[in-house]
């Protein structure tokens with residue numbers, strides 16, 4: 001199966017992006033996970049830009065979603081809310097077909113963030129009837145460098161958690 005893992009962070013050295021890259025590594029060779037960490041490259045949503053003049057970066061993002069069997073989203077919390085870049089990316093998809101019916105699950109890289117997760121769950125339930133909030137994986141990775149995140153997620157117990165998460169998501173996508 002082919003999954004698109006979307007990092008909701010605009011940071012170049014992002015905890016969420018590092019976690020998704022570790023998941024990508026764990027998934028091989030049975031699953032193909034592409035990490036999208038270019039949220040900051042998407043222009044601010046405007047209905048005036050939809051349609052024939054869709055910005056190239058948005059068009060490329062929509063094509064990645066369309067080509068995937070499911071989406072895995074991991075996002076930080078900014079001021080107890082969904083980061084603007086991730087919300088902007090979702091806004092670009094609302095009136096498009098690529099996200100409708102697309103299986104979506106969440107990962108989280110922090111011990112906190114329940115307010116953001118609650119808001120994100122509400123938004124994702126609105127844009128796709130295939131959002132599954134029960135398939136969820138959370139690690140406490142705050143203040144770890146990308147290298148420390150990879151090392152931590154290489155531990156057998158964490159590898160098993162990630163493999164189980166991917167397996168559950170695959171079953172859900174096939175159902």
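The Cα center of the range 153-168 and the Cα center of the range 124-143 differ in position by 16 Å.
Given R₀ = 22 Å, FRET efficiency for residue 164-residue 28 by Cβ-Cβ distance, to 0.05?
0.85
So for each of 26-36, 89-99, 40-50 I average, over its residues, the number of other beta carbons within 10 Å; can you give me the resulting order with the highest mean first? Please list the in-between numbers first.
Working: 26-36: 15.9, 89-99: 17.5, 40-50: 13.0.
Final packing ranking: 89-99, 26-36, 40-50.
For the chain, the longest principal axis of the alpha carbon atoms and the long axis of helix 114-127 meet at an angle near 50°. For the chain, the spread of Cα positions along the three principal axes, ordered from largest to smallest, is 49, 36, 26 Å. Rounded to the nearest 10 degrees, the angle from helix 56-67 to the longest Cα principal axis of the chain is 60 degrees.
Distance from the Cα centroid of the range 90-106 to that of the range 42-81 is 9 Å (rounded to whole angstrom). In the chain, the longest principal axis of the Cα atoms and the axis of helix 156-174 are about 40 degrees apart.
No value in this document is a laboratory result; all are computed from the given coordinates. All figures in this text were calculated on a predicted structure; none of them were measured in a lab. Counting neighbours? That spans all protein chains shown, and the Cβs are built from the backbone with ideal geometry, glycine included.
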